[in-house]
Amino acid sequence: MIKFFRQIRQRLLTENPPAGRAGKFSKYLLYAIGEIVLVVVGILIALSINNWNEQQKRDVLEKEYYCRLKEDVRQDEEKIESLIIAVKKRLVASNEAARLLQKSDPLKTEVGRQFEFALKGSYSTFVANNAAFEDLKSGANLNIIKDKRVINALNNYFNKIKGYTDVIRVHTDLMVNNQFSYSDKLSTGWVHGKMTTSRFLNGMDKDVFNAINISEQEYFSEEIKYSLYNDALLHISSNARTKELLMLIKEEIYILLKLFDNKCDT
């Protein structure tokens, strides 16, 4: 394009030659001005092309981040589904423990097994995947995200998750600490329940396992039975609250996924 303008300028000078010394000066002046204009036009064109290229790169990088963020949230969705399934199983076991303890003579083995299931995996709490977001914040890439609703939504998401998981941890600690508050593990059926699970079956030496003289027909004292019944109610309450909080986390995940649906169309 610059070559095209230069040809036009030279044609004009050739077709209209100025006369005398003044004419020569004006000719050179016109030539100099023309060169300056051409240089300026060339610089502007080069800057425009460079800016366009840089913007294209930023657009591609922005979309890549959207897709990475969406994939992180997808992984969160998978984790929350598995945790919800686990807490539902714990809730069933908690109710079954309470149901057994409502009987006149519940067996230690049966009750102990249900308490074991009521706590199983309770410390496997939810941790949001923030790899892409942390990478986004670590450099100068945060400004690449043009839709600031995304940044606000992510900050809101991680703040809420932190609040929910903190409460879940409180309920988990309540159940675990309460379960281990008894010094006599045989009186509560804790050992009886462990004898039927892989922890004792695989972790205990055979001679030690066989030496533990436990009958499957052992019953609780009234005092221990009453105390364990209260524990079962605590387990029901805590597991039910954990389930509620996990469902709230699931809702937050769906909000983010909906936001990213139109921004990452792989």
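The values are calculated or read from the model by the stated rules, or taken from the named source; none is laboratory data. Note that the coordinates shown come from a computational prediction; the quantities given were computed from them, not determined experimentally. Glycine also receives a Cβ, built like all others from the backbone with ideal geometry; neighbour counts cover every protein chain displayed.
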Completion exercise
Restricting segment 189-220 to residues that are of a type in the set (Asp, Glu) and within 12 Å of LEU107 (Cβ to Cβ), the one modelled with the lowest pLDDT turns out to be GLU216
Exercise for the section: Could you list all residues from segment 85-109 that are touching a residue at least 24 places away in the same chain (Cβ under 8 Å) and in contact with a strand residue (DSSP E or B) (Cβ under 9 Å, 6 or more places away or on another chain)? Expected result: ASP105, PRO106, LEU107, LYS108
Problem - Any hit, segment 176-188, residues being part of a helix (DSSP H, G or I), farther than 20 Å from ILE255 by Cα, touching a residue at least 40 places away in the same chain (Cβ under 8 Å) and touching a His at 6+ places or on another chain (Cβ under 9 Å) - result: yes
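In segment 196-208, what residues are within 17 Å of GLY112 (Cα to Cα) and either polar (S, T, N, Q) or surrounded by 14 or more Cβ atoms within 10 Å (Cβ to Cβ) (or both)? Explain how you work it out, then say what you get.
From segment 196-208, those within 17 Å of GLY112 (Cα to Cα) are 196-201; that's our starting set.
Answer for segment 196-208, where residues must be within 17 Å of GLY112 (Cα to Cα) and either polar (S, T, N, Q) or surrounded by 14 or more Cβ atoms within 10 Å (Cβ to Cβ) (or both): THR196, THR197, SER198, PHE200.
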Practice task
State which residue is surrounded by the fewest Cβ atoms within 10 Å (Cβ to Cβ) when the search covers only segment 79-123 and only residues that are closer than 19 Å to SER187 by Cβ and of a type in the set (Gly, Ala, Ser).
Solution key: SER104
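With of a type in the set (Gly, Ala, Ser) and within 30 Å of TYR157 (Cβ to Cβ) as the only criterion, which of SER238, SER227 stands out? Write out each step before concluding.
Working: SER227 fails: within 30 Å of TYR157 (Cβ to Cβ).
Selected residue: SER238, the only one of SER238, SER227 that is of a type in the set (Gly, Ala, Ser) and within 30 Å of TYR157 (Cβ to Cβ).
Being more than 30 Å from LYS160 (Cα to Cα) and crowded, with 20+ Cβ neighbours inside 10 Å is the filter here; which residues of segment 226-250 pass it?
LEU228 - this is the single residue of segment 226-250 that is more than 30 Å from LYS160 (Cα to Cα) and crowded, with 20+ Cβ neighbours inside 10 Å.
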